[in-house]
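*Asks:* The structure follows.
Computed from the coordinates by the stated procedures, all read-outs in this text should not be read as laboratory data. Everything quoted here is computed from the prediction, not taken from an experiment. We place every Cβ from the backbone using ideal geometry, glycine too, and count neighbours over all the protein chains shown.
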Ligand code: 4AD
Ligand code: MG
């Protein structure tokens with residue numbers, strides 16, 4: 001018997017197997033009958049290919065019975081055919097049904113809501129397959145970027161005993177006989193590690209008990225965070241813009257096919273380059289007033305304000321030097337104007353805030369008095385104050401949400417569609 005080489009659909013579409021007998025393993029994506037031929041379209045991880053079955057073939061009886069989403073093994077000869085999607089087809093000679101599928105609940109015209117309800121099945125779609133491939137590429141490129149910049153990857157804890165970003169979005173967890181929280185941000189722990197490794201980063205889940213339903217909030221999201229000792233606000237903004245540009249360019253280069261299928265113009269992504277715009281909070285407020293927005297100095301930007309600010313530039317914008325009242329306890333004040341803190345948000349068109357970062361308080365007394373102003377207990381943060389006791393440095397860092405980055409890059413409607421199993425106040429199944 002002839003040996004059959006099993007290969008991926010992508011390799012067949014690349015033209016590597018023309019005229020040869022091949023085997024593919026996958027799932028039935030579509031099936032229709034026309035003029036005595038059953039046209040199966042088979043999908044595997046890499047793509048879809050047409051596999052016609054002729055009436056006189058021994059595979060006919062099985063092809064008649066096989067249902068959409070059944071798992072199958074197909075053996076046949078590769079033919080070039082202009083009419084077939086992708087330009088090649090496999091003329092089926094043998095068909096083995098591995099798992100016959102029950103009637104598949106997802107068909108063409110169902111709503112996005114329904115697709116999220118059956119996310120475990122919708123993940124099989126070409127759309128989610130392409131998004132997940134791009135997500136993987138983005139993750140890889142984030143790690144590549146930091147390694148190139150000689151940042152050390154570290155692993156922060158998920159159980160934490162004190163808040164980073166305020167109490168209102170903390171998830172409580174029972175921890176033996178104590179009450180702890182799930183982490184909102186690795187920042188404070190990364191700060192600790194700067195005293196040893198100087199430049200550190202992590203990509204890890206963060207948890208937020210977000211009660212509101214928006215297109216950009218999840219209860220569990222993937223957080224890219226970095227922290228650097230002996231560094232300035234300028235170093236920080238450069239790092240952030242270099243990272244975002246690196247990811248966009250890498251995805252544009254490595255995932256052309258997937259971008260095309262998602263109708264995203266790879267050229268636009270390739271054009272995301274530093275430097276990004278930089279404006280102060282004061283200037284941003286002025287611009288919003290000119291546009292007729294009612295926001296007052298001292299208030300935080302809402303989603304609409306952020307959208308309006310980025311619309312103007314059409315590209316990512318850094319807004320920095322915020323009133324201290326609207327930022328976290330750890331933000332360092334400007335010496336020349338202590339009303340303002342060295343905090344910077346990176347905002348992008350349509351999604352708004354993509355990252356928050358800044359320079360951290362490096363003076364012990366200043367930190368202690370800020371903790372007091374926030375009603376936070378010194379003893380809960382004693383380890384964090386220790387950093388300022390033993391060889392403090394001016395250090396900066398930021399956190400960026402992976403799902404927001406992807407939703408922006410891929411022009412997706414909701415961050416939920418960038419993560420395989422989104423978690424929100426009402427979604428936790430499966
Ligand atoms: O702005 P945030 O809350 O800042 C921090 O946590 C800092 N401690 C980070 C740091 O300096 N290391 O969160 C940072 C980013 C946001 O800009 C946003 O992109 C993302 O995390 N993010 C969320 N993404 C999805 N769902 C949510 N509920 C998010 N909350 C924040
Ligand atoms: Mg923020």
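*Asks:* Over all directions, average the projected area of the Cα convex hull of segment 118-159 and note it in nm². Please report the intermediate quantities before stating the final value.
*Replies:* Details: hull surface 18.0 nm².
Projected over every direction and averaged, the Cα hull of segment 118-159 covers 4.5 nm².
*Asks:* Would you compute, from DSSP H runs of 4+ residues alone, the mean residue ellipticity of the chain at 222 nm, taking -39500 (n - 2.57) per run and dividing by the full residue count, rounded to the nearest 500?
*Replies:* Per the formula, -9000 deg cm²/dmol.
*Asks:* Relative to the longest principal axis of the C-alpha atoms of the chain, give the angle of the C-alpha long axis of helix 364-373, reported between 0 and 90° and rounded to the nearest 10°.
*Replies:* On a 0 to 90 degree scale, this one is about 80.
*Asks:* Equivalent-ellipsoid semi-axes (√(5λ), Cα gyration tensor) for the chain, whole Å, largest first?
*Replies:* 51, 22, 20
*Asks:* Hey, another quick one. Stokes-Einstein D for segment 45-186 at 20 °C, 1.002 mPa s, Kirkwood Rh over Cα pairs, in µm²/s?
*Replies:* Values: Rh = 20.5 Å.
Calculated translational D: 105 µm²/s.
*Asks:* Okay, moving on. Stretched out fully, how many nm does the piece from residue 175 to residue 268 gain, at 0.36 nm a residue minus the Cα gap?
*Replies:* 28.8 nm
*Asks:* If you average 1/r over every pair of different alpha-carbon atoms in segment 271-401 and take one over that average, what Kirkwood value in Å do you get?
*Replies:* 15.9
*Asks:* OK, next. Based on the Cβ-Cβ distance of residue 111 and residue 65, what FRET efficiency does E = 1/(1 + (r/R0)^6) give at R0 = 45 Å, to the nearest 0.05?
*Replies:* Calculated transfer efficiency: 0.90.
*Asks:* Once the Cα atoms of helix 126-148 and of the chain are each reduced to a long axis, what angle between those two axes, in degrees from 0 to 90 to the nearest 10, is obtained?
*Replies:* Tilt relative to the chain: about 40 degrees.
*Asks:* Classify segment 179-261 from the C-alpha gyration tensor, please: rounded if a/c falls under 1.5, else prolate or oblate depending on whether a/b exceeds b/c.
*Replies:* Verdict is oblate for segment 179-261.
*Asks:* Would you list the P(r) distribution for segment 324-366, with all Cα-Cα distances sorted into 5 Å bins from 0 and each bin expressed as a whole %?
*Replies:* Going out from 0 Å in 5 Å bins, segment 324-366 shows 6, 22, 26, 21, 12, 8, 4, 1, 0 percent.
*Asks:* Cβ neighbours within 10 Å, averaged per peptide: list 168-179, 335-346, 189-200 in order, most packed at the top.
*Replies:* 189-200, 335-346, 168-179
*Asks:* Can you classify segment 108-237 as rounded, prolate or oblate using the Cα gyration tensor, where a ≥ b ≥ c are the square roots of its eigenvalues, rounded means a/c under 1.5, and otherwise it's prolate if a/b beats b/c and oblate if not? Write down the numbers at each step before the final one.
*Replies:* Details: a/c = 2.42, a/b = 1.34, b/c = 1.81.
Here segment 108-237 falls in the oblate category.
*Asks:* Just to be sure I understand the model, the point goes 7 Å from the Cα along the line to the Cβ. What's the resulting residue 3 to residue 30 distance in nm?
*Replies:* 3.6
*Asks:* Please determine, in degrees from 0 to 90 and to the nearest 10, the orientation of helix 303-313 with respect to the longest principal axis defined by the Cα atoms of the chain, where the helix direction is its Cα long axis.
*Replies:* Around 80 degrees separate the two axes.
*Asks:* What Kirkwood radius, in Å to one decimal, follows from the Cα pairs of segment 325-430?
*Replies:* About 16.3 Å, per the Kirkwood formula over Cα pairs.
*Asks:* Let me ask another. Under a 10 Å cutoff between Cα atoms, tell me which one of 206, 91, 58 has the largest fluctuation in the Gaussian network model of the chain.
*Replies:* Per the Cα network of the chain with a 10 Å cutoff, 58 tops the list.
*Asks:* Using 0.36 nm per residue, how much length does the chain from residue 311 to residue 139 gain when fully extended, once their Cα-Cα distance is taken away?
*Replies:* Between residue 311 and residue 139, full extension yields 59.2 nm more.
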